[in-house]
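Input: a single structure, listed below in structure tokens.
The values are calculated or read from the model by the stated rules, or taken from the named source; none is laboratory data. Computed from a predicted structure; not experimentally measured. Heads up, the Cβs are rebuilt from the backbone with ideal geometry, glycines too, and the neighbour counts pull from every protein chain shown.
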């Protein structure tokens, strides 16, 4: 049977641990930490300018190597620290809390290792993501498995390792019945619910709609009663899970989903006459501000919104798990590309670069939902000045829509200049899209010394053409003859 200690492996918090669619509900949240968030953005911008110039001076980007991707390691650490501090300040002393990074946001082993060093675990949603987490040395007790389509083999592996599992649906729960009965496990096990609280501004990312594919729909007829009975019949179910947040979802709507989760846990425990559900996995999905360097909304504002919606959440009655991804790494990634050519077509200036759909897939296919800033630099890596002119910033892919920006007001770009695309540290260059067989670029982490020197560390090598052709079946070239 499953270990009843559903909170095993969570970090203990010490007693003294101290707009718009990208954060539309910030005005309704506490302003705690807002000045700090602005200062953090300013410092990040300063580090970015130093890194761009250093990338030129140290030969990371040049005519023969026109594209590189950078990760600000100090920024990633700062985001992790802000998250842990916000919850440490909110929860009752001694409350077990695990912050599990959503691997899909930045599936790079060095990134997972960096976040682990900052005290975070991993949330995985595929065998590949679990393999990455294990390669990064993430302990099973600091790992959570979520996926709507887990196979028997995936479930068996997780239960054998002691990884926490959140069942997505009734049929998966039936599979777990058989697996838990056949072999003891120390894995904490829970069920994901869909609170059906509504959509945010981006339909494709809204996980709490009436018909979302995720979890058991809480407001469907008979579902709540069935869930309570399912827990009473399975004393090894000790967790509840929801994920109601994402880009474009305001804080009040995220908090409403968590409130529904908390209320269901209270109902189950009341019916059981004991504290059967001991841990609430509240997911992640804090929106990111892509319009400026400011970190809004903040984790402190998020915690304040949760406190208003579900005051008992931080009482210490429940251990907590979070699953943030984008908000931890997005603002710390930078794409840096040389401008290869410029032209004017139909009166529109166009800068042709090496950064496009392969790195910023969501922006290219859904630019209104995923706009990105473009920061121009000259060939030396110095911020480019000059009167603004509407220009398209185009990528290298062979289709007309491969644009990072359309009619963007920028100083006139010339061949050899650089364009930097900030806020790309999640769901962008970390998860390459192989259109036109464009190879994966190198990713370097960077740190800035107190004296202003920039040090780069390779986090992912550039994909060679030999690697690319091998991946495309070169060794099997006659297989279909």
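Identify, please: which residue in the stretch 17-63 is at pLDDT 50 or above and not in a helix (DSSP H, G or I) and is, among those, farthest from residue 308 (Cα to Cα)?
Filtering first and then ranking leaves 63.
Does the stretch 367-374 contain at least one residue that is surrounded by fewer than 18 Cβ atoms within 10 Å (Cβ to Cβ), at pLDDT 95 or above, in contact with a strand residue (DSSP E or B) (Cβ under 7 Å, 6 or more places away or on another chain) and under 22 Å from residue 43 (Cβ atoms)?
yes
Which condition number in (1) in contact with a helix residue (DSSP H, G or I) (Cβ under 6 Å, 6 or more places away or on another chain); (2) part of a loop (DSSP other than H, G, I, E, B) is the one that residue 462 fails?
The failed condition is (1).
Kindly indicate whether residue 407 is modelled with pLDDT under 95 and either within 26 Å of residue 436 (Cα to Cα) or in contact with a helix residue (DSSP H, G or I) (Cβ under 6 Å, 6 or more places away or on another chain) (or both).
It is false that residue 407 is modelled with pLDDT under 95 and either within 26 Å of residue 436 (Cα to Cα) or in contact with a helix residue (DSSP H, G or I) (Cβ under 6 Å, 6 or more places away or on another chain) (or both).
Hey, among the residues in the stretch 156-176 that are buried (at least 20 other Cβ atoms within 10 Å of the Cβ) and more than 17 Å from residue 234 (Cα to Cα), which one's farthest from the chain's Cα centre (by Cα)?
By that ranking, first place goes to 158.
Within the stretch 114-151, track down each residue that is in a helix (DSSP H, G or I), touching a strand residue (DSSP E or B) at 6+ places or on another chain (Cβ under 6 Å) and closer than 20 Å to residue 77 by Cα.
Within the stretch 114-151, 115, 133, 142 qualify.
For the stretch 298-326, enumerate the residues that are assigned to a loop (DSSP other than H, G, I, E, B), in contact with a helix residue (DSSP H, G or I) (Cβ under 9 Å, 6 or more places away or on another chain) and under 16 Å from residue 244 (Cα atoms).
Listed by number, the residues that qualify are 310, 324, 325.
What are the residues in the stretch 247-268 that are at pLDDT below 90, within 22 Å of residue 228 (Cα to Cα) and surrounded by fewer than 21 Cβ atoms within 10 Å (Cβ to Cβ), if any?
256
Residue 426 - would you say it is in contact with a helix residue (DSSP H, G or I) (Cβ under 7 Å, 6 or more places away or on another chain), buried (at least 21 other Cβ atoms within 10 Å of the Cβ) and not in a loop (DSSP other than H, G, I, E, B)?
Values: in contact with a helix residue (DSSP H, G or I) (Cβ under 7 Å, 6 or more places away or on another chain): yes; buried (at least 21 other Cβ atoms within 10 Å of the Cβ): yes; not in a loop (DSSP other than H, G, I, E, B): no.
Considered against the rule, which asks whether it is in contact with a helix residue (DSSP H, G or I) (Cβ under 7 Å, 6 or more places away or on another chain), buried (at least 21 other Cβ atoms within 10 Å of the Cβ) and not in a loop (DSSP other than H, G, I, E, B), residue 426 comes out as no.
Looking at 421, 448, which is the one that is modelled with pLDDT of 95 or more, buried (at least 20 other Cβ atoms within 10 Å of the Cβ), in the same structural domain as residue 336 (by TED's automatic domain parsing) and more than 14 Å from residue 108 (Cβ to Cβ)?
421
Please give the number of the condition residue 300 fails out of (1) surrounded by fewer than 22 Cβ atoms within 10 Å (Cβ to Cβ); (2) closer than 13 Å to residue 327 by Cβ.
Of (1) surrounded by fewer than 22 Cβ atoms within 10 Å (Cβ to Cβ); (2) closer than 13 Å to residue 327 by Cβ, only one is false for residue 300: (1).
Has the stretch 183-192 got any residue that is assigned to a strand (DSSP E or B), closer than 30 Å to residue 370 by Cα and either out of contact with any helix residue (DSSP H, G or I) (no Cβ under 7 Å at 6 or more places or on another chain) or at pLDDT 95 or above (or both)?
Checked the stretch 183-192: at least one residue is assigned to a strand (DSSP E or B), closer than 30 Å to residue 370 by Cα and either out of contact with any helix residue (DSSP H, G or I) (no Cβ under 7 Å at 6 or more places or on another chain) or at pLDDT 95 or above (or both).
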